[in-house]
Amino acid sequence: MKARSRRSSCVLLDAYAGLDLHQLRHSAATHLGDTKVPSQLNMGKTRHKNPRTTLCYVKPGAEATAKVIGVLAPRRRTH
């Protein structure tokens, strides 16, 4: 299989999927964050140098938010 240039990859992504490489990078960082991959590995995959940049892409979903709320404010038992 012949390697494609960045430019030809961008053209094909736009033509067939309506995406650009940055959107794919964003999606990869988001999905890695959702699966609890450590930030250092996420940074390595997305090639970000600054952890703050990677964290911009990682948004906790409803399940993660509910889990944090459960830790911070556990339900009280009623007898």
Q. Just checking, how many residues over region 50-78 are among the small types (G, A, S) and surrounded by 10 or more Cβ atoms within 10 Å (Cβ to Cβ)?
A. 4
Q: Tally the residues that are more than 27 Å from C10 (Cα to Cα) and among the polar types (S, T, N, Q), restricting the search to region 41-66.
A: 1
**Q.** Single residue of region 8-17 satisfying the filter (at pLDDT below 75 and out of contact with any helix residue (DSSP H, G or I) (no Cβ under 8 Å at 6 or more places or on another chain)) that is nearest to K67 (Cα to Cα)
**A.** A17
Q: Could you name every one of the helices (runs of 4 or more DSSP H) located completely within region 18-75 that has at least 1 residues being within 25 Å of S5 (Cα to Cα), under 8 Å from the mean Cα position of the chain (by Cα) and modelled with pLDDT under 80?
A: 21-34
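The values are calculated or read from the model by the stated rules, or taken from the named source; none is laboratory data. Computed from a predicted model, the values in this text were never measured in an experiment. Positions of Cβ are generated from backbone atoms using ideal geometry, with glycine treated the same way; all protein chains shown enter the neighbour counts.
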